[in-house]
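Structure first, then comments.
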Amino acid sequence: MGSGLGSFVDALEDAIPFSYDDLDDFHAAGVAGHNGTLYLGRVKGTDVAVLQGRVHYYESGQADAMKVPVRTLAGLGCEQLILTNAAGSLKEEATPGSVMLINDHINFTGVSPLFGEKETSRFVDMVDVYDPVMRAKFHQIADDNNIKLHEGVYIWFCGPSFETPAEIRAAKSLGADAVGMSTVPEVILARHAGMKVAALSVITNMAAGMSDEELSHEQTMANADIGIQDLQKLLISYLNIVSS
Ligand code: HPA
């Protein structure tokens, strides 16, 4: 769960919280809106683990900051990982408060959470990493609930400063639709660990240079609240479908 998207855990039944402070190598997130708790619970009979809060590459300069949490999920038997984040939009029609399903990404940082891995499995296939079957389910759910679900390519910038307008123009010409500072390292770790992956962005702002509003973390949090309702509906309906 990314910025401000923590209230999803209210939908869990019998949730047991584990503070990251009590879990080895789970690093508490140092960003407002990102606390650090692992919840284990259920939604309609499906076992669900929720990582509320993530650490970002920009917090320590370590691209593998989420290695242990992601591998813990895989070790617990999670088959599918659904990631959420807050992102800036490069598409005029995807306005703040809307939700975008990620269908591919561009790793613009040049770093990998798999640096230093020794096994041949480090050469992870990156085609269809955003699982087409999971994506189709999310579109079906969005249609059924009258939720406008955008779809597009997410580009990972390292942050913590926001992008420059020139960087956003460059990103647009590379084919990006949304920009953010997270998710891609977790996706790489999850595919390496054999989990299926889907990822959803709440659009919190138009990317740098695309609107007159000044970019700030406060604005990100305020607009995240708007998209959260739709996102929660999508997530809960998804879990209901996979458990039926
Ligand atoms: N850029 C990078 N990360 C973000 C943005 C953005 O515009 N909005 C929310 N997270």
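The table that follows gives values for the structure above.
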{"read-out": "In region 38-54, the residues that are surrounded by 17 or more Cβ atoms within 10 Å (Cβ to Cβ) and either among the charged types (D, E, K, R) or modelled with pLDDT under 90 (or both)", "value": "Val43, Gln52, Gly53, Arg54"}
{"read-out": "Candidates Asp212, Asp225, Asp230 - the one that is of a type in the set (D, E, K, R) and at pLDDT 85 or above", "value": "Asp230"}
{"read-out": "Test for Lys137: is it part of a helix (DSSP H, G or I), within 14 Å of the ligand (Cβ to nearest atom) and touching a residue at least 24 places away in the same chain (Cβ under 8 Å)", "value": "no"}
{"read-out": "Qualifying residue in region 156-174 (condition: closer than 12 Å to Ile106 by Cα, touching a strand residue (DSSP E or B) at 6+ places or on another chain (Cβ under 9 Å) and more than 14 Å from the ligand (Cβ to nearest atom))", "value": "yes"}
{"read-out": "Residue that is nearest to Glu13 (Cα to Cα) [pool: residues in region 221-236 that are surrounded by fewer than 18 Cβ atoms within 10 Å (Cβ to Cβ) and polar (S, T, N, Q)]", "value": "Gln232"}
{"read-out": "Selected residue (only one of Val179, Val202 is of a type outside the set (S, T, N, Q), within 19 Å of Phe108 (Cβ to Cβ), outside any loop (DSSP other than H, G, I, E, B) and in contact with a helix residue (DSSP H, G or I) (Cβ under 9 Å, 6 or more places away or on another chain))", "value": "Val179"}
{"read-out": "Which numbered condition Val202 fails, given (1) within 16 Å of the ligand (Cβ to nearest atom); (2) free of Cβ contacts under 8 Å to residues at least 60 places away in the same chain; (3) of a type outside the set (S, T, N, Q)", "value": "(2)"}
{"read-out": "Condition broken by Val184, with the remaining ones in (1) farther than 20 Å from Glu92 by Cα; (2) hydrophobic (A, V, I, L, M, F, W, C); (3) touching a Lys or Arg at 6+ places or on another chain (Cβ under 8 Å) satisfied", "value": "(3)"}
{"read-out": "Scope region 1-31; condition at pLDDT below 90 and closer than 18 Å to Tyr57 by Cβ; matching residues", "value": "Met1, Gly2, Ser3, His27, Ala28, Ala29, Gly30, Val31"}
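The values are calculated or read from the model by the stated rules, or taken from the named source; none is laboratory data. Remember, it's a predicted structure, so these values are computed and weren't measured experimentally. Every residue, glycine among them, receives a Cβ derived from its backbone with ideal geometry; neighbour counts consider all protein chains shown.
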